[in-house]
Amino acid sequence: MKTAKIINNVINGIYKKRNPENWKIQEDGELTYITDGFVMYVMEDCPLKVNSKLREHTSLKSFIDVKEDGLKIVGKLLYQKPFGKDIISFYQIDDKKISINEKLLKNFDNPVLKSYGNPLKPAYVYENNKLVGLVCPIRYEED
């Protein structure tokens, strides 16, 4: 995980960009959970703390509480399509496709996505078999 880039994104997000209220944080003593509503990062030893700009959210950890039963590795990349300035990747999960905005994965190192098979639910991000975040899929209507 590219911790320095994530921290930089959070600082830029809450001080320079529009909608700084989208960024939320929760600390549980061991881990810190940070989200902008589209991607969530789970970090150890995070220097960011709750302040007037980075508001605390008390239920972020519940989004990450994963039951490994039924969780499957998101299959191979099927194809990619441009979407404005972004690239949308379509992955196979069982007999369905899950579409993920690639920019949401940019701060993870060799991410492995896992899902329960519902293309509308978040995909969990693993690095070296360790849960480090989640990403929300996008709804992309194909022609």
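The values are calculated or read from the model by the stated rules, or taken from the named source; none is laboratory data. What you are looking at is a predicted structure, and each value in this text was computed from that prediction instead of being measured. For neighbour counting, all protein chains shown are included, and Cβ atoms are generated from backbone atoms with ideal geometry for every residue, glycine included. Side chains included, ligands, DNA and RNA excluded: accessible areas come from the protein's heavy atoms. Shrake-Rupley method; radii C 1.70, N 1.55, O 1.52, S 1.80 Å.
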Taking segment 57-80 on its own, how many of its residues are among the small types (Gly, Ala, Ser), part of a loop (DSSP other than H, G, I, E, B) and without any contact (Cβ under 8 Å) to a residue 40 or more places away in the chain? 2
Tally the residues that are closer than 15 Å to VAL135 by Cβ and surrounded by 18 or more Cβ atoms within 10 Å (Cβ to Cβ), restricting the search to segment 27-40. 6
Which residue out of LYS5, LYS49, LYS16, LYS24 is open to solvent by 80 Å² or more (accessible area, probe 1.4 Å) and within 21 Å of PHE63 (Cα to Cα)? LYS49
Filter segment 115-135 down to the residues that are of a type in the set (S, T, N, Q) and on the phi > 0 side of the Ramachandran plot, then identify the one that is modelled with the lowest pLDDT. ASN129
Of the residues ASP65, ASP36, only one is among the acidic types (Asp, Glu) and at pLDDT 85 or above; which? ASP36
Filter segment 84-99 for residues that are closer than 15 Å to TYR116 by Cα and touching a residue at least 24 places away in the same chain (Cβ under 8 Å); which is surrounded by the most Cβ atoms within 10 Å (Cβ to Cβ)? ILE98
